[in-house]
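Before any comments, here is the structure.
The values are calculated or read from the model by the stated rules, or taken from the named source; none is laboratory data. Predicted, not measured: the structure shown is a model, and the values here were computed from it. Ideal geometry is used to build each Cβ from the backbone, glycine not excepted, and the neighbour counts take in all protein chains shown.
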């Protein structure tokens, strides 16, 4: 039986995977939530990391170093850097690198092909290419253009740490992300009112943000719609991939 560890930053990003598992049991590894359950011919661990490289590195090291896995997968949402990607599309990584530079971590081609086949079978639109992993949200078009200069198609905030951990353990690595915002989307500075461990909105901080920027309400509502599109894509994808024998 294949053992897979699937890492995502936030609970809503974990939920599309967990709901496809049979007999899922929740436990803690360190101070992070892990669900362990079954899919056809697979034992699947779903690990909530929290947002960012450091949080992802800590929990990935704790999980992967202490268990044997046949595949490590990074998932959740990502920002588009390629113009052809829109909210609800899927992006598959061919390699993942830090925004600050350094050598990229390659992704396992055979694993990626299996993920892409599942997406195609489910009728999801997708493309494959390099990912860049940023320590901060790329909120402006200019930041996104700079990150895409070497051909990256999507940006996330945890994948490089998870890829590095998988490489150190000698485990194949793959990444599939649902696109949240387009390359032209100007994002709200949501870091001030979202909890980086849970993704939950901090009500007082949000109220203060909207009071200072009333025009942000429309932008926040648009972000909610984009998040819904990304979650639907992840739901559809994991239903297809984890449902296969």
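A few comments on the model shown:
- Residue match in the range 1-9 (condition: in contact with a helix residue (DSSP H, G or I) (Cβ under 7 Å, 6 or more places away or on another chain), within 25 Å of residue 230 (Cα to Cα) and either without any contact (Cβ under 8 Å) to a residue 12 or more places away in the chain or part of a helix (DSSP H, G or I) (or both)): no
- Within the range 88-111, the set of residues being surrounded by 14 or more Cβ atoms within 10 Å (Cβ to Cβ) and assigned to a helix (DSSP H, G or I) comprises just one member, 111.
- The range 161-199, subset at pLDDT 95 or above and part of a loop (DSSP other than H, G, I, E, B), residue nearest to residue 79 (Cα to Cα): 172
- Of residues in the range 122-136 being assigned to a loop (DSSP other than H, G, I, E, B) and under 20 Å from residue 176 (Cβ atoms), the one modelled with the lowest pLDDT: 134
- Residue match in the range 61-77 (condition: over 14 Å from the mean Cα position of the chain (by Cα), closer than 21 Å to residue 120 by Cα and modelled with pLDDT of 95 or more): yes
- Filter result for residue 114 (part of a strand (DSSP E or B) and either touching a strand residue (DSSP E or B) at 6+ places or on another chain (Cβ under 8 Å) or in contact (Cβ under 8 Å) with a residue 40 or more places away in the chain (or both)): no
- Condition met for residue 240 (at pLDDT 65 or above, more than 27 Å from residue 5 (Cα to Cα) and assigned to a helix (DSSP H, G or I)): no
- Residue that is farthest from residue 241 (Cα to Cα), among those in the range 137-153 that are surrounded by fewer than 17 Cβ atoms within 10 Å (Cβ to Cβ) and free of Cβ contacts under 8 Å to residues at least 12 places away in the same chain: 142
- The set of residues in the range 42-80 being assigned to a loop (DSSP other than H, G, I, E, B) and closer than 19 Å to residue 112 by Cβ consists of 69, 70, 75, 76.
- Among (1) over 16 Å from the mean Cα position of the chain (by Cα); (2) within 30 Å of residue 31 (Cα to Cα), the one test that residue 123 misses: (2)
- Residue 218 being more than 16 Å from the chain's Cα centre (by Cα), surrounded by fewer than 15 Cβ atoms within 10 Å (Cβ to Cβ), modelled with pLDDT of 85 or more and assigned to a helix (DSSP H, G or I): no
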